[in-house]
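See below for the structure under consideration.
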Amino acid sequence: MEIGKIIENLWVDSGFNNLFTHWENAVMIVIACVLLYLAIVRGFEPLLLLGIAFGMLLANLPLSGMMHMELFTGKSLSEISFSEILHEGGILDVLYLGVKLNIYPCLIFMGIGAMTDFGPMLARPSSMILGAAAQLGVYCAFILAIVFGFLPNVAASIGIIGGADGPTAIFLTSKLAPTYLGPIAIAAYSYMALIPLIQPPIMKAMTTQKERETVMTQAKPVTKTTKIIFPIAVTIFCVLLLPDVAPLIGCFMLGNLFRESGVVERLSDTTQNALINIVTIFLSVTVGATSVGYIAGTGENLGQNVGFLSTSTLLIILLGLLAFSFSTVGGVLFGKIMYAVTGGKVNPLIGSAGVSAVPMAARVSQNVGAKYNPSNYLLMHAMGPNVAGVIGSAVAAGFLLSVGRVLGWT
Amino acid sequence: MLFLAIEPISVPEAFLLSLVGFAVVFIALMALIAVIKCINALAGGVKKETLAPAGVPAAVSAPAVPASGGTGSAKVPAPGSLGDIDLYTVDDQTAAMLMAIVADDLKAPLNTLRFTSIKEVK
């Protein structure tokens, strides 16, 4: 027995020996650890960030064999070899098919639908305008991305970060620019976690003390019949208007109908608990695993790194921040318009909740409002624009998909 | 690579697309407002209750009567309140906790519920 040779082979085959073959992977491991710290210690959106960070860690550990991004990178759905993935892929490759086939975002939307109460929005339909206004960031970021030289399909995927809606961002990006799924998903979820830091300074800068102290009248209760008819009506209307958005809106409203119908309590309970939790695990880990530091380019990119660590990733992170900021500006701006039009009956702070990060953006409106008037309860008022923002970002994604199909981006 | 065939677009074109896209979102949500108003009209969507202007959810402010049963004649309901709640051998904190539990159990926002009395069953 050649003990020396065995030990040498053990070293050669170990990840330690290969750790610095591509320094980019080592850097990604450090980034994954930082994200784990933010999720666990600082509590930044831990439900998602923990899984994303750990997926990133697994995918960048050399020779782990769990994720092979080269099986997906730069390939459209029709070019992916499913047989190869099933035979040679790791567990994350197989789970990642749920992202590529857009199964997870739709199931997440079903869960969100089952957890969403449209009551505040139905009681005050005008709040939907704020949900539309807060999509401003989507289009501002789209224009800026074009200015920075991104192709329009990538620019559209970057823009949707401004919708502050993770599943929608993943849905659109996996269709238009799957190569950029990792950085876009991470930017979207990271900024959603940072909403309590991003939004308040903008809200304060754009409103006066008097506006921030505005007390709104209590919303009137809505009948159960209205709550049941609403998801059905929205599905018919939105899918007829933008068929591309049918998977998202359809699943979202199905989940909501489970909740509101009152006749499928078990399904509603499963959707808003077990189902969404399971899918969140799969989605977060596999999206994180797409962030591989080094991926060898092929074809035109032969010899180049087409992995996560690139200038375009940094630009995407920057543009994502701008998208969130512009969306907040759009919401608050229209909130101010509504304040003026209604003679001071609408607190402009609820406009920022039009970005669809539910319910975090609504909580920010509540917290900022309560800071200036402790007896002011804006939470339920802010939930209206907040859930309208979910519909708004889905419509924006549907529009971009539709344009992409016409202009040959897909 | 997959996207080599995709044509870049100019900034004015991007601006125009954005303008149309933003308009589509607005039109879609405005149309949904109209849909909601139709549903409300057909299904009696918003309950015809007259509520006083307030920022405080009704149920939160409801336990205005002390547990001791003291009823001051000059008592003014809290803003947004749907009225008083009668508490029998239950203190304010327990009443608030019970209302929160009921709201959670019913999966209904607290401010959409109206509690008239809470009494300990012995």
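The values are calculated or read from the model by the stated rules, or taken from the named source; none is laboratory data. Just so we're clear, the structure is a prediction, and the values are computed from it rather than from any experiment. FYI the Cβ positions are ideal-geometry reconstructions off the backbone, even for glycines, and counts take in every protein chain you see. The protein model used for the area step is the full one, side chains on, heavy atoms only, and it has no ligands, DNA or RNA in it. Shrake-Rupley method; radii C 1.70, N 1.55, O 1.52, S 1.80 Å.
What are the ³J(HN,Hα) couplings of the range A:231-247, residue after residue, when phi is run through the Karplus curve with 6.51, -1.76, 1.60 and θ = phi - 60°? Round to Hz, x for glycine and proline.
x, 5, 5, 5, 4, 4, 5, 5, 6, 5, 6, 10, x, 4, 8, 3, x
Calculate for chain A the 222 nm mean residue ellipticity that helices alone would give, adding -39,500 (n - 2.57) per DSSP H run of length 4 or more and normalising by residue count, nearest 500 deg cm²/dmol.
After summing the helix terms and dividing by residue count, I get -21000 deg cm²/dmol.
Within 10 Å of each Cβ in peptide A:129-140, how many partner chain Cβ atoms are there on average? Round it to a whole number, please.
On the way: counts 4, 1, 3, 11, 4, 1, 6, 3, 0, 4, 9, 2.
Counting Cβ atoms of other protein chains within 10 Å of each residue's Cβ and averaging gives 4.
In peptide A:211-221, how many Cβ atoms from other protein chains are near each Cβ within 10 Å, on average?
Averaged over the peptide's residues, the number is 5.
Give me the compactness ratio for the range A:278-401, meaning the Cα radius of gyration over 2.2 N^0.38 Å. Numbers along the way, then the final one.
Values: Rg = 19.7 Å, N = 124, 2.2 N^0.38 = 13.7 Å.
Here the Cα radius of gyration is 1.43 times the empirical estimate.
Which whole number gives the average, over all residues in A:224-232, of C-beta atoms from other chains lying within 10 Å of the residue C-beta?
Across A:224-232, the average partner-chain Cβ count within 10 Å equals 4.
Compute the accessible area per residue over the protein assembly as shown, keeping the other protein chains in place, probe 1.4 Å, unit Å².
With the other protein chains kept in place, the protein assembly as shown gives 43 Å² per residue.
Can you send over the carbon and sulfur percentage of the accessible area for the range A:186-308, probe radius 1.4 Å, protein chains only?
That fraction is 66 percent.
Taking 0.36 nm per intervening residue step and subtracting the Cα-Cα distance, what contour gain separates A:VAL94 from A:THR208 on full extension?
Gain in length upon complete extension: 35.8 nm.
With N residues in the range A:56-126, what two-decimal value do you get for its Cα radius of gyration over 2.2 N^0.38 Å? Please list the in-between numbers first.
Numbers: Rg = 18.1 Å, N = 71, 2.2 N^0.38 = 11.1 Å.
Cα Rg divided by the expected 2.2 N^0.38 Å: 1.63.
If all Cα-Cα distances of chain A are sorted into 10 Å bins from 0 onward, what percent lands in each bin, rounded to whole numbers?
Bins of 10 Å from zero give 5, 22, 31, 24, 11, 5, 2, 1, 0 percent of pairs.
Applying a 10 Å radius around every beta-carbon, put A:7-18, A:39-50, A:176-187, A:246-257 in order of their mean neighbour count, most first.
Those peptides, ordered most packed to least, come out A:176-187, A:246-257, A:39-50, A:7-18.
Normalized C-alpha radius of gyration of the range A:155-235, against 2.2 N^0.38 Å? Walk me through the intermediate numbers first.
On the way: Rg = 18.2 Å, N = 81, 2.2 N^0.38 = 11.7 Å.
Normalised Rg, Cα atoms only: 1.56.
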